[in-house]
1. Exactly which chymotrypsin sites (Phe, Trp or Tyr not before Pro) in region 183-253 are in a DSSP loop and have at most 11 other Cβ atoms within 10 Å?
2. Given the DSSP H assignment, sum -39500 (n - 2.57) over each helix run of at least 4 residues in the chain and divide by its residue total; what's the result at 222 nm in deg cm²/dmol, nearest 500?
3. Say we join alpha carbon atoms closer than 10 Å with springs in a Gaussian network model of the chain; which of Gly228, Gly100, Gly40 then has the biggest fluctuation?
4. Taking the Cα atoms of region 198-279, report the difference between the largest and smallest coordinate on each principal axis, in whole Å and largest first.
5. Tell me which of Gln214, Leu171, Val274 sits at the most positive position along the dipole axis of region 148-288, charges placed on C-beta atoms (Lys, Arg +1; Asp, Glu -1).
6. Exactly which trypsin sites (Lys or Arg not before Pro) in region 35-106 are in a DSSP loop and have at most 13 other Cβ atoms within 10 Å?
7. Which distance in nm do the two modelled labels at Glu118 and Thr195 give, with both placed 7 Å along the Cα-to-Cβ direction?
8. Name the residue, out of Asn148, Asn219, Asn94, whose mean-square fluctuation peaks in a Gaussian network model built on the chain with Cα pairs under 10 Å.
Amino acid sequence: MRLALFILVGLLAACGSSVEPDGADIPPLKTDQVIVAHRGASGHAPEHTLAAYDLALEMGAEYIEQDVYSTADGVLVCLHDTTLDRTARGPAENCSGSVGSKTLAQLKTCDMGSWFNETHPDRARPEYVGQRIPTLEEVFQRYGREVNYYIEIKPGLDLTPPSVAQRLLDLMNRYGLREGSVQRRQVLVQSFIPTVLLEMRRLDPEIPLIQLMQPFTTNAATMALIAGYSFGIGPPVSDVSASLVQQAHGLGLAMHPYTVDEPMDLERIAGYCVDGLFTNFPDRYRAVLEANPYDCPAPIR
Ligand code: G3P
Ligand code: CA
């Protein structure tokens, strides 16, 4: 009997250790800003691949970013560029030209990792070759409700209803992410296009939105307008200063600048008391936040 109990306890302990989440032993942050892995850990792995998202989470990113387009047959896929040419390799009829003109079956023939190995031989890995364009649904299936998503709706060719915003919302509902989004910002929806965000707001007024901003547009009047519908703003890092952060916070807006990669820049921008930022190197930003107890108000989350 005692032997059986001993074995049972041993088995339970083994089960417990096998489900320990990746990154559980990462030290805590001294400054609780939000680490957004821009296109995944795209400084280390090919952008918008499962390899880049996996690595971002291992490095302790709080959010993984997806840029999304609709395919010609109406599927939401994760890719940054409007066209395939920079990051896709494969049959030209499938893997060059506009992403919105291809079906999902065509896109799934493209290798999304070889370009990275060619461009960054110092960071190349054999397993990046053959990485595929993920659909947003595949991303939700892989990571479920365990992680946070920061999803940008890109301007696309597909204007036939339902809209990309509607399809995104449908997917969030299907995968149980809508409540987490509303209650604790598990999904943030971002766009450069105000009408896209206003449509999302019309469809579901509680989904938190981030208005992305182009350089030289971060004036007080524009930010006051944005505060009427958005949880926060994503300004280009070139526009960001401590006083701009204070202005945004005065309007109740969270601020997540894009895209900061160099350690000195990460330290400087974090020191402005932003609420988080987009980086291709979540490990570097994490190291800055683990080391520095910036004297900032609690971030807007
Ligand atoms: O979404 C924030 C940042 O990603 C915007 O720039 O061009 O990398 O999507 P882009
Ligand atoms: Ca983006």
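1. Phe216
2. Dividing the helical sum by the residues of the chain leaves -10000 deg cm²/dmol.
3. Fluctuation is largest for Gly228.
4. For region 198-279, the Cα extents along the three principal axes come out at 41, 23, 19 Å.
5. Of the listed residues, the answer is Leu171.
6. Taking region 35-106 and a limit of 13 other Cβ atoms within 10 Å, the loop trypsin sites (Lys or Arg not before Pro) found are Arg86.
7. For Glu118 paired with Thr195, the spin-label model returns 3.7 nm.
8. Asn219
The values are calculated or read from the model by the stated rules, or taken from the named source; none is laboratory data. Computed from a prediction, not measured in an experiment: that's the story for all the values here. A quick note on method: Cβ atoms are made from the backbone with ideal geometry, for glycine too, and the neighbour counts reach across all protein chains shown. Only protein heavy atoms, including side chains, enter the accessible area calculation; ligands, DNA and RNA are left aside. Shrake-Rupley method; radii C 1.70, N 1.55, O 1.52, S 1.80 Å.
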